[in-house]
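A short worksheet on the structure shown next.
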Amino acid sequence: MAEEDEDQRINRRIQRLSLHLNPYLHDEEELGRVVELVACAGVRPKLIISVSTAAQLSEYMRGKHRGLQDRVYEYFNGKPDLHTPVEISKDDHRELCMRQLMGLVREARIRPFVYVAQEPDKYFSILEAVGSVDISLGIKMGVQYSLWGGSVLNLGTKKHRDKYYEGIDNLDYPGCFAMTELHHGSNVQGLQTVATFDPLSDEFVIDTPNDGAIKWWIGNAAVHGKFATVFAKLLLPTHDTKVVSDMGVHAFIVPIRDLETHQTLPGIEIHDCGHKVGLNGVDNGALRFRSVRIPRDNLLNRFGDVSREGKYTSSLPSINKRFAATLGELVGGRVGLAYSSVGVLKVAVTIAIRYSLLRQQFGPPKQPEISILDYQSHQHKLMPMLASAYAFHFATQDLVKKYSEMKKSHDEQVVGDVHALSAGLKAYVTSYTAKSLSICRESCGGHGYAAVNRFGSLRNDHDIFQTFEGDNTVLLQQVAADLLKQYQQKFQGGTLAVTWNYLRESMNSYLSQPNPVTARWEGEDHLRDPKFQLDAFRYRTSRLLQSAAVRLRKHSKNLGSFGAWNRCLNHLLTLAESHIESVILAKFIEAVQSCPDPSSQAALKLVCDLYALDRIWNDIGTYRNVDYVAPNKAKAVHKLSEYLSFQVRNIAKELVDAFDLPDHVIRAPIGMQSTAEAYSQYTQYVGF
Ligand SMILES: Cc1cc2nc3c(=O)[nH]c(=O)nc-3n(C[C@H](O)[C@H](O)[C@H](O)COP(=O)(O)OP(=O)(O)OC[C@H]3O[C@@H](n4cnc5c(N)ncnc54)[C@H](O)[C@@H]3O)c2cc1C
């Protein structure tokens with residue numbers, strides 16, 4: 001009898017929870033309607049979204065390679081032995097991660113390498129899907145195919161592709177990408193490992209000249225790698241003297257373990273970098289080389305070659321140009337990280353919003369408790385984040401499209417655009433996601449801290465996205481430098497990269513004094529006009545750019561260019577972020593305008609407006625300082641963004657559902673799912 005009561009109590013609770021999950025949509029029959037406003041309890045009108053609109057929106061958000069991703073999900077769903085448990089040792093995690101990769105390639109027959117070579121957009125889709133199984137697996141796959149494989153494809157020539165393609169593809173040749181050294185990470189030109197050509201034996205001799213030059217943090221090195229692409233200074237002895245010429249940093253294929261026995265090869269020392277804050281499925285190691293001889297053919301010679309006689313040839317005239325071309329070929333890793341980081345943000349925001357809809361705390365006197373997402377403070381934490389996930393989704397999709405185009409056309413303008421955009425988006429998106437993960441955890445209270453609910457592993461695994469493939473602070477400086485270069489070109493009448501076009505079109509109008517009349521306009525139509533929003537973002541960027549140029553010129557007289565740059569560094573980072581925000585907003589507006597279904601378009605427009613106004617409000621001090629926005633308008637921006645947050649809250653469930661994440665991705669047994677099973681799982685998990 002007591003058991004029956006208990007069952008009834010649980011059932012009642014489940015019913016209440018599922019109603020609460022979407023209180024506006026329980027009568028699905030009548031929901032053929034579009035997104036619309038309905039009066040609610042005499043307070044503010046609430047938005048609802050119909051079932052058909054939700055489906056259309058989901059269709060619009062779904063990547064065009066969803067079928068390929070489904071193959072990944074289905075494979076891992078059917079393989080419980082390949083699921084990463086919550087508690088696992090470093091060594092077991094590394095072995096599991098390798099088995100996951102082997103399973104994907106050899107059993108599920110999903111071969112990422114062919115896509116790295118031919119259809120990068122498909123490769124990034126697979127990366128997103130495997131990252132949702134375990135982020136370590138995504139990184140392990142990235143090291144094998146994008147870094148080690150990508151270096152062979154992009155820095156090598158036909159002879160290298162012929163020799164290594166098959167082994168990389170089928171995982172017979174697991175490999176590493178050995179660039180970073182103990183003393184040099186961001187400053188790649190400072191690398192000290194050397195590759196000296198020996199004309200007598202027709203070989204290069206690889207050496208680690210001091211402890212600081214030990215290759216460090218190298219993924220796949222500690223346990224599984226058989227080869228490494230090693231970045232080293234190419235030294236050429238001259239014929240008549242003992243002097244050597246330094247030709248700059250080049251990439252070399254160095255076998256590190258025996259193909260049959262897996263024993264470490266002579267002259268090579270391998271150490272384990274040990275347990276890390278996250279990503280423990282990836283075996284990072286350190287490599288030292290003591291006079292390791294490799295054939296001349298192992299130089300990846302696309303941008304520079306050495307003949308049998310020891311003569312250096314290159315189509316590029318200087319060390320700097322060769323270095324830029326070499327690093328330029330490696331931007332795919334950044335594109336992948338930006339794209340995957342949006343995937344992580346979507347997962348975190350989905351878990352946090354679903355939980356916040358279910359969770360009830362406090363309420364008006366003598367009335368039921370309310371959902372925590374009904375608190376304004378909670379909406380303020382999560383709704384702009386949801387809007388950002390949408391904004392980043394469209395921006396990174398566009399980046400992937402541009403990257404694929406670049407790989408096909410090699411058009412110089414597109415190359416420049418992709419380089420700066422991948423640096424900027426990687427830095428901006430990964431920093432934003434890293435901060436958001438903490439907010440999501442905190443907004444789920446104590447349950448957010450249970451390891452099984454994933455925020456801990458997402459946060460720990462994702463954190464390093466801010467550092468590898470280019471430290472974010474360093475990457476943003478590349479964006480700022482590029483903007484300044486473009487700014488200079490504008491005044492010399494040169495052409496501008498595609499993404500920078502707005503500088504040419506509107507710099508002059510942005511730099512004139514703000515219009516005192518429009519500065520006071522505060523109507524909703526005006527504030528929700530994409531022109532106002534984009535103008536505001538671009539005005540800020542243009543002002544920051546112009547003032548940075550003036551300051552740099554002034555300080556370089558006394559401090560030199562390096563000192564002046566450092567004096568203006570915070571200003572330059574703000575400039576880069578501001579530019580990237582402008583690019584993101586422009587892409588979001590385009591995506592809203594291209595959405596074919598009017599109801600989904602209305603929902604997206606709402607989210608886009610929230611993204612834009614929230615960002616303007618965050619930086620309202622800047623706009624007020626120059627009277628771009630008068631006090632009454634600033635107040636109106638704030639009020640409207642709070643109101644939009646409230647409206648987005650009312651369709652938040654549909655908006656996260658539209659991400660269409662598979663169940664296993666958002667699995668979160670402790671009271672964090674929307675379904676009845678979740679509740680019973682919860683009771684089982686904690687043992688009552
Ligand atoms: C888990 C993991 C996996 C990795 N995998 C690989 C791999 O497979 N292969 C590989 O080659 N490398 C790998 N790395 C190395 C990674 O690429 C480097 O850590 C990264 O490039 C940063 O270099 P660093 O650690 O030396 O940091 P540093 O360059 O020393 O930076 C330290 C701090 O100084 C700041 N800083 C540096 N320069 C400037 C500047 N000019 N202006 C302002 N601030 C500055 C940075 O913002 C940062 O906060 C990996 C690292 C980790 C942790």
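The values are calculated or read from the model by the stated rules, or taken from the named source; none is laboratory data. For clarity, every value in this text was computed on a predicted model and none was experimentally measured. Heads up, the Cβs are rebuilt from the backbone with ideal geometry, glycines too, and the neighbour counts pull from every protein chain shown. Protein only, heavy atoms only, side chains kept; ligands, DNA and RNA dropped before computing areas. Shrake-Rupley method; radii C 1.70, N 1.55, O 1.52, S 1.80 Å.
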- Task: Show which lysines lie in cross-link reach of LYS653 when reach means a straight Cα distance below 17 angstrom and same-chain residues fewer than eight apart are skipped.
- Result: LYS46, LYS346, LYS381, LYS605
- Kirkwood-based shape ratio for the range 319-384, expressed as Rg/Rh from alpha carbons: 1.42
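Ignoring ligands, DNA and RNA, what percent of the 1.4 Å accessible area of the chain is carbon and sulfur?
Details: 15490 of 29870 Å².
Within the chain, the accessible surface is 52 percent carbon and sulfur.
If contacts are Cα pairs under 8 angstrom and at least 6 residues apart, what is the relative contact order of the chain in percent?
Values: 1068 pairs, mean separation 101.1, N = 688.
Reported relative contact order: 15 percent.
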- Determine the shape class of the range 54-170: with a ≥ b ≥ c the square roots of the Cα gyration tensor eigenvalues, call it rounded for a/c under 1.5, and otherwise prolate if a/b is greater than b/c, oblate otherwise. oblate
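Going by average Cβ neighbours within 10 Å, how do the peptides 514-527, 123-136, 246-259, 563-576 rank, with the highest at the top? The partial results should precede the final answer.
Details: 514-527: 13.9, 123-136: 25.5, 246-259: 20.2, 563-576: 17.9.
Answer by packing, highest mean first, reads 123-136, 246-259, 563-576, 514-527.
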- Item | Contact order relative to length of the range 54-170, as percent, for alpha carbon pairs under 8 angstrom and 6 or more apart | 27 percent
- Determine, for each peptide in 421-434, 310-323, the mean count of other beta carbons within 10 angstrom over its residues, then list the peptides with the highest first. 421-434, 310-323
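Out of all DSSP beta bridges with both ends in the chain, state the antiparallel percent to the nearest 5.
Numbers: 36 of 43 bridges.
Percent antiparallel among DSSP bridges in the chain is about 85.
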- Item | Full-extension gain in nm, GLN488 to ARG99, via 0.36 nm per residue minus C-alpha separation | 134.8 nm
- Message: Over the range 554-603, with the other protein chains present, what is the accessible area per residue in square angstrom, probe 1.4 angstrom?
- Response: 47 Å²
- Task: Considering only protein heavy atoms, with the full assembly of protein chains and a 1.4 angstrom probe, order LYS381, LYS64, LYS485 by accessible area, largest first.
- Result: LYS64, LYS485, LYS381
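Using a ≥ b ≥ c from the Cα gyration tensor of the range 201-338 (square roots of the eigenvalues), is it rounded, prolate or oblate, where a/c under 1.5 gives rounded and otherwise the larger of a/b and b/c decides, a/b for prolate? Each step should come with its number before you reach the end.
Details: a/c = 2.11, a/b = 1.40, b/c = 1.51.
In terms of gyration-tensor shape, oblate.
Take the Cβ-Cβ distance between GLU442 and ALA108 as r, set R0 to 30 Å, and report the resulting FRET efficiency rounded to the nearest 0.05. All intermediate terms of the calculation are to be shown ahead of the outcome.
Details: r = 37 Å, r/R0 = 1.24.
Given R0 = 30 Å and the Cβ-Cβ separation, E is 0.20.
If each residue of separation counts as 0.36 nm, what is the full-extension length gain between LYS557 and GLU524 once their alpha-carbon separation is subtracted?
Values: separation 33, 0.36 × 33 = 11.88 nm, distance 4.76 nm.
Extra length available between LYS557 and GLU524 comes to 7.1 nm.
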- If you take the Cα atoms of the range 166-264, find Rg, then find the Kirkwood Rh from the mean of 1/r over all pairs, what is Rg/Rh? 1.01
- Query: Which value in deg cm²/dmol, rounded to the nearest 500, describes the helix-derived mean residue ellipticity at 222 nm for the chain, given -39,500 (n - 2.57) per DSSP H run of n ≥ 4 and division by the residue count?
  - Reply: -18000 deg cm²/dmol
- Query: If you look at just the Cα atoms of the chain, how large are its Rg and its Dmax in Å?
  - Reply: 27.3, 100
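Over 17 Å apart: what share of the alpha carbon pairs of the range 120-187 falls there, rounded to a whole percent? Intermediate values should be presented prior to the final figure.
Working: 1144 of 2278 pairs.
When every Cα pair of the range 120-187 is considered, 50 percent fall beyond 17 Å.
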- Query: Roughly what would the spin-label model give for ASN460 and LYS531, points 7 Å off Cα along C-beta, in nm?
  - Reply: 5.3 nm
- Query: For the pair ASN570 and GLN546, how long in nm is the line joining their label points, each one 7 Å along Cα→Cβ?
  - Reply: 2.3 nm
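What is the gain in length, in nm to one decimal, between ASN625 and ALA55 on full extension, counting 0.36 nm per residue of separation less the C-alpha to C-alpha distance? Spell out each step's value before the answer.
Values: separation 570, 0.36 × 570 = 205.20 nm, distance 4.43 nm.
Difference between extended and current length: 200.8 nm.
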- Item | Computed E for SER201/HIS410 - FRET, C-beta separation, R0 41 angstrom, nearest 0.05 | 0.70
- Pull up the cross-link candidates among the lysines for LYS402, meaning alpha carbon to alpha carbon under 19 Å and not fewer than 8 places away within one chain. LYS64, LYS122, LYS426, LYS587
- Message: Give me the dipole magnitude in Debye, nearest 20, for the chain about the Cα centre, with unit charges on the beta carbon: positive for Lys and Arg, negative for Asp and Glu.
- Response: 2120 debye
- Task: Measure up LYS163/LYS226; LYS159/LYS215; LYS158/LYS407; LYS435/LYS635; LYS163/LYS321 against 24 Å on the Cα-Cα distance and list the ones that go over.
- Result: LYS159/LYS215; LYS435/LYS635; LYS163/LYS321
- Query: Across the range 478-487, in residue order, what do the Karplus-derived ³J(HN,Hα) couplings come to in whole Hz, using 6.51 cos²θ - 1.76 cosθ + 1.60 with θ = phi - 60° and x for Gly and Pro?
  - Reply: 5, 5, 4, 4, 5, 4, 5, 5, 5, 4
- Dividing the mean separation of Cα pairs under 8 Å (6+ apart) by the residue count of the range 216-359 yields a relative contact order in percent of 21 percent
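To the nearest 0.05, what FRET efficiency results for ASP91 and GLU260 with a Förster distance of 22 Å applied to their C-beta separation?
Details: r = 23 Å, r/R0 = 1.05.
So the FRET efficiency works out to roughly 0.45.
With every protein chain present, what is the per residue accessible area of the range 54-170 (1.4 Å probe, Å²)?
On the way: 4690 Å² over 117 residues.
Value for the range 54-170: 40 Å² per residue.
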